[in-house]
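Enquirer: First the structure, then my questions, so here it is.
The values are calculated or read from the model by the stated rules, or taken from the named source; none is laboratory data. Being a predicted model, the structure only gives us computed values, none of them experimental. For neighbour counting, all protein chains shown are included, and Cβ atoms are generated from backbone atoms with ideal geometry for every residue, glycine included. To get the accessible areas, we keep the full protein, side chains included, count just its heavy atoms, and leave off ligands, DNA and RNA. Shrake-Rupley method; radii C 1.70, N 1.55, O 1.52, S 1.80 Å.
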Amino acid sequence: ASQSYLTTLRAQNGALAQVGRLSGLGKGDRVYAVRMIGDTGYVVTFRQVDPLYTVDLHDPASPQVLGELELPGYSSYLHPVGDGLLLGIGQNVDAKTNEPSGTQVSLFDVSNPAQPRRLAEASLGQGWSTAESDHHAFLYWPQTGLVVVPFGQQAVAMHVSTSGIDELGRITHTQAREAQLPQIDRSVVVGPALFTVSSAGVAANDLDSLRSLGWATFPAATPTPVPLPGPIPTPVPASP
C-alpha cells in the first residue's frame, strides 16, 4: 500500500512552505534515484521492475507525470549525457529471485518526456559500482562523450551517444605493489590525460587511447606515536 510523493517547496517568511505535491509514484515500490534537470524531474522506483517516471515541474503548484518506462532492474544514479539523453547506473535483476545480478548501464532517450525509452544497455559484470551510492565516483566528459564508471578494481571507460554505449577499455592499477589490486574510487580529466585514483596511488592514461602514461604511488602512512602515560602520582596521606 506504500507510495512515494514528489513535493515542491518555496522559501516563505524564513521557512519552507509546500507549494504542490504529486502522489502515487511507484505504488508498493521504493525510490532508488531522482534527478531534476530544468523543469523536468526523473524518478526511479523499484520492487520487481524499474519504472522511470518523467515529471513536469514547470508549474511548481501542479507537478504532473508526463511518461513512464518499465524495465527489469533499476538505476540508482541518473546523469544527463547530452541533449535529451539520460544515463542510469544500477543493477540488473534476476527475474526468478528478484535479486541484483550485476551492474548495468542504461542509456535513455528522454527527448520526448511523454515517451521515454531505453536506447542501449551495457552489462559490466557481477558486482557493484560505487557510483550507485556516491555520485563523486562517476565521470562524464562531454567534450568526447566519455563516461568512466568505477567497478570494483577497474575503471570502465565508455563512449555514449545516440548511437549507443561503446566500451573503450578498463583501467586497473597493476602498478600498485599490494597483495591484490586496489579499488578505484575516482577519475578526472586533466588536459590530454585521464587520471584514476585508488588507495594505492594515481594512474595517468591517454584520454583517447587509454594507453598508460604514468603512475604515482602514495607514500606509506606513518603511524602516529601513542604517548606513554606519565608517572602515577603518589597518594598523599590525609592529615590526622
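Enquirer: Any idea how far the Cα center of the range 161-217 sits from the one of the range 92-132, in Å?
Expert: Cα centroid to Cα centroid, the span is 23 Å.
Enquirer: A follow-up question, please. Sorting H173, H58 by accessible area (1.4 Å probe), largest first, what list results? Walk me through the intermediate numbers first.
Expert: Details: H173 0, H58 125 Å².
Descending accessible area places them as H58, H173.
Enquirer: Between beta-carbons, use under 15 Å as the cut-off and find the net charge around T8, counting Lys and Arg +1, Asp and Glu -1.
Expert: Numbers: positive: R10, R21; negative: D39, D56, D59.
Local charge sum for T8: -1.
Enquirer: Summarise the accessible area of the range 34-181 (1.4 Å probe, protein heavy atoms) by the percent that is carbon and sulfur. Numbers along the way, then the final one.
Expert: Numbers: 3180 of 6960 Å².
Here it works out to 46 percent.
Enquirer: Additional query: Using alpha carbons only, what's the Rg to Rh ratio of the range 89-158 with Rh from Kirkwood?
Expert: Details: Rg = 13.3 Å, Rh = 13.3 Å.
Rounded to two decimals, Rg/Rh equals 1.00.
Enquirer: Also, quick follow-up: Send over the per residue convex hull volume for the chain, Cα only, as a whole number of Å³. Walk me through the numbers on the way to the answer.
Expert: Working: hull volume 70.0 nm³, N = 240.
For the chain, the hull spanned by Cα atoms encloses 292 Å³ per residue.
Enquirer: Tell me the accessible surface of E68 in square angstrom (1.4 angstrom probe, heavy atoms of protein chains only), to the nearest ten.
Expert: In the full protein context, E68 sits at about 90 Å².
Enquirer: Another question, if that's okay. Averaged over all directions, how much area does the convex hull of the C-alpha atoms of the range 1-142 cover when projected, in nm²?
Expert: Working: hull surface 39.0 nm².
So the Cα hull casts an average projection of 9.7 nm².
Enquirer: Turning to a different aspect of this structure: Give the residue list of trypsin sites (Lys or Arg not before Pro) in the range 1-86 that are DSSP loop and have at most 16 other beta-carbon atoms within 10 angstrom. Write down the numbers at each step before the final one.
Expert: Numbers: sites: R10, R21, K27, R30, R35, R47; in loops: K27, R47.
Passing both the DSSP loop test and the Cβ count: K27, R47.
Enquirer: Given the alpha-carbon gyration tensor of the range 100-240, what are the semi-axes of its equivalent ellipsoid in whole angstrom, ordered largest first, with each equal to the square root of 5 times an eigenvalue?
Expert: Working: eigenvalues 445, 91, 36 Å².
In descending order, the three semi-axes are 47, 21, 13 Å.
Enquirer: Which ³J(HN,Hα) values in Hz, rounded to whole numbers, follow from the phi angles of the range 107-121 under the Karplus curve 6.51 cos²θ - 1.76 cosθ + 1.60, where θ = phi - 60° and Gly and Pro get x?
Expert: After applying 6.51 cos²θ - 1.76 cosθ + 1.60, I find 10, 10, 9, 10, 4, 10, x, 6, 9, x, 9, 8, 7, 7, 9 Hz.
Enquirer: Let me ask another. Once you treat every alpha carbon in the range 1-43 as an equal point and sum by Debye, what is log10 I(q)/I(0) at q = 0.13, 0.25 Å⁻¹?
Expert: -0.36, -0.95
Enquirer: Working out 0.36 nm times the residue gap between Q180 and S163, then minus their Cα-Cα distance, what length gain in nm do you get to one decimal?
Expert: Details: separation 17, 0.36 × 17 = 6.12 nm, distance 3.66 nm.
That pair, Q180 and S163, stretches by 2.5 nm at full extension.
Enquirer: Another one. Once you have the Cα-Cα distance between T222 and T7, take 0.36 nm times their residue separation minus that, and quote the gain in nm to one decimal.
Expert: Values: separation 215, 0.36 × 215 = 77.40 nm, distance 4.94 nm.
The span from T222 to T7 would gain 72.5 nm if fully extended.
Enquirer: What does the charge dipole of the chain about its Cα centre add up to, to the nearest 20 debye, if the Cβ of each Lys and Arg holds +1 and the Cβ of each Asp and Glu holds -1?
Expert: On the way: 13 positive and 20 negative charges, 104 e Å.
Computed about the Cα centre, the dipole is about 500 debye.
Enquirer: Would you calculate the separation in nanometres between label points at T144 and D109, each defined as 7 Å from the Cα along the Cα-to-beta-carbon direction?
Expert: Here the answer is 2.7 nm between the modelled labels.
Enquirer: Separate question: Determine ³J(HN,Hα), in whole Hz, for all residues of the range 205-212 in sequence, where each value follows from phi through the Karplus function 6.51 cos²θ - 1.76 cosθ + 1.60 and θ = phi - 60°; x replaces Gly and Pro.
Expert: Calculated HN-Hα couplings, in order: 10, 4, 5, 8, 9, 6, 5, 5 Hz.
Enquirer: Provide T45, T224 ordered by accessible surface of protein heavy atoms (probe 1.4 Å), highest first. Please report the intermediate quantities before stating the final value.
Expert: Numbers: T45 0, T224 115 Å².
Per-residue accessible area, sorted high to low, gives T224, T45.
Enquirer: Next question, about the same structure. Could you report the accessible area of I37 in Å², rounded to 10, computed with a 1.4 Å probe on the protein chains as they sit in the structure?
Expert: Its accessible surface works out to 60 Å², give or take rounding.
Enquirer: So, one more: Averaged per residue, what accessible surface does the range 53-151 expose to a 1.4 Å probe, in Å²?
Expert: On the way: 4330 Å² over 99 residues.
Accessible area per residue: 44 Å².
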